[in-house]
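The values are calculated or read from the model by the stated rules, or taken from the named source; none is laboratory data. Everything numeric here is computed off the predicted structure, so don't read it as measured data. Ideal geometry is used to build each Cβ from the backbone, glycine not excepted, and the neighbour counts take in all protein chains shown. Side chains included, ligands, DNA and RNA excluded: accessible areas come from the protein's heavy atoms. Shrake-Rupley method; radii C 1.70, N 1.55, O 1.52, S 1.80 Å.
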Amino acid sequence: MKRLLMAGAALAAAFGAVQGGMAEPVDDTLVIDETPIVTRTAAPEGHPFDEVMSGWLFRESETRDLSRDSFENPGMIAVEDGEALWNTVMGTEGKSCATCHEDAAVSMKGVGANYPKWDADSGKPINVELQINKCLTEQMGAEAIGFNKPGQRELTAYIKHQSLGDPVSIDLSEGDMQSWWEKGKEVYYTRTGQLNLACASCHETAMGKMIRADHLSQGQVNGFPTYRLKSGLTSIHQRFRGCIRDTRAEQPKAFSDELMALETYVTWRGTGLSVETPAVRQ
């Protein structure tokens, strides 16, 4: 009974916090190293909002300023580490990523804006992290990098950074991507955990409101891997799992079918926003 009362109190507190004051997204313009970044754009057909907005617009001015200059952005350290890995020989085939793909600024331009993509070999969507592992194991004779193990976020950040400013766009006509989009939508709107919250509870229903000291955004993923001021470089699936943990639900495994479907759906929700990797958030 005590546990039930505590859970009920926590639920009431959570909803009380979400139902706090409004704080509109700012009217500001983002340019990173002379690259214009689209932070507002018309939503794709079937979207619950008329306009999609980057999480950058919901941050404090000091945090927004960190994104403007790569010398100030703390996430760029990870991008530099990723560049070193790009040029490092790994595995029994004596190859580095650069062996096949050469200059990432050319070969990876636009790549990060178009994932997840359909992977015919597995019959599932694949994200940048899984594509890296596929290349490591199948082309380089190296071991896959485990979830959030050293190098995974850094190499992902480096590859996605090459698409800075490019619009997010995934192809739902590939393979069975549409059905995975539908699975992801179901996950997005399903309430879970002791707090009985869904992704939509915060990022749609309560978007623009304050929860404690945080300003609730639309939960866009165009800046991942993201540098969070309170926890450092953070991957998409790390953030998904953290949000699910905060609802007091059991966390799915990273790259599970559930989270890959969610990544597919949430990425679509940000269609047209520029890639900001590595974005800076609080």
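Would you mind calculating the gained length between ASN87 and ASP69 on full extension (0.36 nm times residue separation, minus the Cα-Cα distance), in nm to one decimal?
Working it through step by step, the gained length comes to 4.0 nm.
With r as the distance between the Cβ atoms of GLN282 and ARG40 and R0 = 30 Å, compute the FRET efficiency 1/(1 + (r/R0)^6) and round to 0.05. Display every interim value, and only then the final one.
Numbers: r = 20 Å, r/R0 = 0.67.
E(calc), rounded to 0.05, equals 0.90.
What does the charge count around TYR265 come to, taking other residues whose C-beta lies under 13 Å from its C-beta (Lys +1, Arg +1, Asp -1, Glu -1)?
Details: positive: LYS183, LYS185, ARG269; negative: GLU182, GLU186, GLU204, ASP257, GLU258, GLU263.
My count for the surroundings of TYR265 gives -3.
What distance in nm separates the two pseudo spin-label positions at SER256 and VAL31, each 7 Å out from Cα along the beta-carbon direction?
4.5 nm
Under 5 Å between amide hydrogens, which residues at least 5 positions from ASP214 or on another chain qualify, with H placed 1.01 Å from N in the peptide plane?
Residues meeting the amide H criterion: none.
Can you list residues from other chains, or at least 5 along the same chain, whose modelled amide H is less than 5 Å from the amide H of THR192?
Result for THR192 returns LEU197, ALA198.
Using the Karplus curve 6.51 cos²θ - 1.76 cosθ + 1.60 with θ = phi - 60°, what ³J(HN,Hα) values do you get for each residue of the range 276-281, in whole Hz, with x for Gly and Pro?
Values, residue by residue: 10, 3, x, 5, 10, 10 Hz.
Convert 20 °C to kelvin, take the viscosity as 1.002 mPa s, use the Kirkwood radius over C-alpha pairs of the chain as Rh, and evaluate the Stokes-Einstein diffusion coefficient in µm²/s, rounded to a whole number. Working shown, then result.
Values: Rh = 19.5 Å.
In µm²/s, the coefficient is 110.
So what J values fall out for the range 81-91 if you push phi through Karplus, 6.51 cos²θ - 1.76 cosθ + 1.60 with θ = phi - 60°, rounded to Hz, Gly and Pro as x?
Result, ordered by residue: 5, x, 5, 4, 5, 4, 9, 9, 5, 9, x Hz.
Quick one: pull the percent of accessible area on the chain belonging to carbon and sulfur, 1.4 Å probe, ligands and nucleic acids left out.
Details: 6930 of 13580 Å².
Carbon and sulfur atoms account for 51 percent of the accessible area of the chain.
For the chain, what is the accessible area per residue in Å², given a 1.4 Å probe and the full set of protein chains?
Details: 13580 Å² over 282 residues.
With the other protein chains kept in place, the chain gives 48 Å² per residue.
Check which residues have an amide H placed less than 5 Å from THR234's amide H, if you skip close sequence neighbours.
Excluding prolines and chain starts, which carry no amide H, the hits are THR226, TYR227, ARG228.
GNM, the chain, Cα, under 10 Å: largest mean-square fluctuation among LYS185, LYS160, LYS95?
With Cα springs under 10 Å in the chain, the top fluctuation among LYS185, LYS160, LYS95 is at LYS95.
Which value, in debye to the nearest 20, gives the size of the charge dipole of the chain about its Cα centre, when Lys and Arg are +1 and Asp and Glu are -1 at the Cβ? Present the calculation step by step, with values, prior to reporting the outcome.
Values: 28 positive and 39 negative charges, 289 e Å.
Taking the Cα centre of the chain as origin, the dipole is about 1380 debye.
7 Å from Cα along Cα→Cβ at both GLU182 and ILE77: what's the point-to-point distance in nm?
Distance between the two pseudo-spin positions: 4.6 nm.
Evaluate the distance, in nm, between pseudo-label points positioned 7 Å from the Cα of SER122 and of SER173 along their respective Cα→Cβ axes.
2.5 nm
Could you tell me the largest-minus-smallest coordinate of the C-alpha atoms of the range 148-238 on each of the three principal axes, in descending order and whole angstroms?
Between the extreme Cα coordinates on each principal axis of the range 148-238 lie 37, 36, 27 Å.
Could you go through the range 155-160 in sequence order and give the Karplus-derived ³J(HN,Hα) for each residue, using 6.51 cos²θ - 1.76 cosθ + 1.60 with θ = phi - 60°, rounded to whole Hz, and x for Gly and Pro?
Values, residue by residue: 5, 5, 4, 5, 5, 6 Hz.
For the range 204-282 and the range 69-115, what is the separation of their C-alpha centers, rounded to whole Å?
23 Å
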